[in-house]
Amino acid sequence: MAFVHLHNHTDFSILDGATRVDDLVGRAVELGMPAVALTDHGYMFGVPNFDLACRGYNTAQADFKQWSHDVECFTKDWDLAEPEPDAPDAAPHDRVHAQWESDVAVWQAHGGVAQKEDALAAVKANKPAPLVKPIFGCEAYFITDDQIERGTRQHRYHLILLAKDERGYVNLMKMMSKAANEMYYYKPRTTLAMLREFHEGIICQSACVQGIIPQNILDNNFAEAERWARQFQEIFGEDFYIEIQDHGLTFRNGYNDRRLSEQLVKLARKLGIKVVATNDIHYLKREDAPVQDTLSCIGTNAKVDQTDRKRMEGTEFYMKTEEEMRQIFSWVPEVCDNTLEIADKCNFELDWSSMYLPKFPGLEEGETSEERFRKECEEGLAKRYGEDWDGKSINGIDIRERFEYEYDVICTKGFADYFLIVQEYVRWAKQNGIGVGPGRGSAAGAIVAYAMDITTFDPLENGLMFERFLSVERSEMPDIDMDFDDPRALRIRSREPCDHLLHHQGQAGHQRLGSRAGLPGL
């Protein structure tokens, strides 16, 4: 048997979670759990760190190292030596010979060298199971209305959302982005319409006592609780689960955790919905409860000794062992088994081998980024060097040849959108009275940056080299450093184009906007 924690908050649940991501994953490994979820409040900022933490454990396993070696040998046509036989009592991830044997069998079954591409793809797909699988999720703030009612105390309910696959991960990102940008009022808000729009590939859990179904049960409004359960069931089908918890708490109207859970199980059985057990983890171990309590005080501007402040009662919100969870829910054991079912459904990995950049949103219908990039550059070159720029030379350098060289490198590397986006926010700043610096660093060596009015130094007149900025051999993102006048730059909001690329780093008298972009899997 095993158990998987599916409702977990880290320090990315700002001033609410007291668990570091690395510690959360490490504790799950220590407890022998095959997977662990990340469900911070309202946002997914912890996902990259979470994935890397899990990856660190998974890639360190002996069978994974053997598989990586096998893939490299098949790729480079190296001789692949047979490892020593596995010990009879070898742990699953220590069985390197079994992994080698499996990889060789897969390679040969798919044609080997004669059909190298297919065989190699099959071996890559033969990757060993991870020691700890990351499950990417979020605890959304759910509202019953489709619009934000500003100036009101619109109730926010909790709802757990987990990504099953790539489609689900993308949908979850879109939903949380919309919640944080279009539906933000004190907290990012998720609506029923958004759930319907982005539900594919997502598992939904009814969440903790702050979920809309538990809240209606606490008010003895069973019909309304059933109505909402049916709505979520209609949207998510078999991927909707009723969630139960037990932290030894008491609630209104004579309810405690056990009585509430019994009512939730009764409702689930009536509707044919599976039930899953979770522990609302906000700190790693029981003894960490005071740390979380202090964080909560900071977040709510309260004092520790205040009697009427918001607090998490008791010391049960920690990562419990499988034995503890199964003992708590011994009266309904299938709810622990269902954590494994959910974990088995979730199979998405972030891709760290590629760079994912945003697309420029302002293209005309049928226009490509490369076409717009060329158009903007050629128009800019005519403004900088005159209408007869094509055929001109400066310092012995032909303008057309230099432009075509830079254009080819940039497009080959896939950075046309990047330049268009940087041009967009620089142009907007200049058109709106925000002081913009002339550009500095290696980007000043690019004639395309000069043509697009991103920089104001003529690289040909000043003998600047494009290769210091970007070359075919370079694997890193290019870095365009810009200086913006502080007072106006700080007023930029999300309505401005492409502000998601602007990483604000305060400087004396200026705002440095380093435009590196591209989170893995985004």
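Count neighbours as other Cβ atoms within 10 Å of each site's Cβ, and list the GluC sites (Glu not before Pro) in segment 246-342 that are DSSP loop with at most 14 such neighbours. All intermediate terms of the calculation are to be shown ahead of the outcome.
On the way: sites: Glu262, Glu287, Glu313, Glu316, Glu322, Glu323, Glu324, Glu334, Glu341; in loops: Glu313, Glu316.
Hits after loop and neighbour filter: Glu313.
Tell me the net charge near Val96. Cut-off is 9 Å between Cβ atoms, Val96 excluded, with +1 for each Lys or Arg and -1 for each Asp or Glu. Display every interim value, and only then the final one.
Working: positive: Lys65, Arg95; negative: Asp63, Glu84, Asp86, Asp94.
The answer is -2.
Here the Karplus relation 6.51 cos²θ - 1.76 cosθ + 1.60, evaluated at θ = phi - 60°, turns the backbone of segment 229-244 into coupling constants of 4, 5, 5, 5, 5, 5, 6, 9, x, 6, 9, 9, 10, 7, 9, 10 Hz, with x for every Gly and Pro. Under 5 Å between amide hydrogens, built in the peptide plane, is the criterion, and for Asp481 it picks out Arg440, Ala443 among residues at least 5 positions away or on other chains.
I need the semi-axes of the equivalent ellipsoid of segment 135-345: take the C-alpha gyration tensor, multiply each eigenvalue by 5, square-root it, list largest first in whole angstrom.
Details: eigenvalues 124, 107, 66 Å².
Semi-axes, largest first: 25, 23, 18 Å.
Treating the Cα atoms of the chain as identical point scatterers in vacuum, please give the log10 of the normalised Debye intensity I(q)/I(0) at q = 0.11, 0.12 Å⁻¹, two decimals. Scattering profile of the chain, log10 relative to I(0): -1.09, -1.18. Projecting the Cα positions of Met173, Ala163, Tyr186 onto the charge dipole of segment 142-190 (unit charges on Cβ atoms of Lys, Arg, Asp and Glu, taken about the Cα centre) puts Tyr186 furthest along the positive direction.
Viscosity 0.890 mPa s, temperature 25 °C: what is the translational diffusion coefficient of segment 395-460 from Stokes-Einstein with a Kirkwood Rh over Cα pairs, rounded to a whole number of µm²/s?
Values: Rh = 12.6 Å.
It comes out at roughly 195 µm²/s.
Expressed in units of 2.2 N^0.38 Å, where N is the residue count, the Cα radius of gyration of segment 53-143 is 1.34.
In the chain, taking the dipole from charged Cβ atoms about the Cα centre, the farthest positive-side position among Asn216, Ala28, Gly314 is held by Asn216. For chymotrypsin sites (Phe, Trp or Tyr not before Pro), the sites in segment 287-353 that DSSP calls loop and that have at most 15 other Cβ atoms within 10 Å are Trp331, Trp352.
Against the chain, whose longest principal axis comes from its Cα atoms, helix 399-412 is set at around 20 degrees. Phi angles across segment 51-61 convert, under the Karplus curve 6.51 cos²θ - 1.76 cosθ + 1.60 with θ = phi - 60°, into 3J(HN,Hα) values of 5, 5, 5, 5, 4, x, 6, 5, 6, 7, 6 Hz, Gly and Pro given as x. The phi torsions of segment 70-80, fed into the Karplus equation with coefficients 6.51, -1.76 and 1.60 and a -60° offset, translate into couplings of 4, 4, 5, 5, 5, 5, 9, 6, 8, 5, 10 Hz, rounded to whole numbers, with Gly and Pro shown as x. Stretching the chain fully between Arg440 and Asp165 yields a gain of 94.8 nm (0.36 nm per residue, less the alpha carbon separation).
Taking amide H positions as modeled 1.01 Å from N, with prolines and chain starts lacking one, the residues under 5 Å from Ile394 and 5 or more places away or on another chain are Ile399. Considering only alpha-carbon pairs that sit under 8 angstrom and 6 or more positions apart, the relative contact order computed for the chain is 12 percent. Cross-linked pairs Lys174/Lys430; Lys133/Lys164; Lys187/Lys310; Lys124/Lys164; Lys187/Lys320; Lys270/Lys345: Cα-Cα separations exceed 19 Å for Lys174/Lys430; Lys124/Lys164; Lys187/Lys320; Lys270/Lys345.
Between Ala35 and Lys133, the built amide H atoms are under 5 Å apart, and every one of these is 5 or more places off in sequence or on another chain. The mean sequence separation of alpha-carbon pairs under 8 Å and at least six residues apart, normalised by the residue count of segment 323-439, gives a relative contact order of 23 percent.
Bear in mind that the values in this text are calculations on the coordinates, not laboratory data. Computed from a prediction, not measured in an experiment: that's the story for all the values here. Using ideal geometry, Cβ is built from the backbone for each residue, glycine included, and neighbour counts are taken over all protein chains shown.
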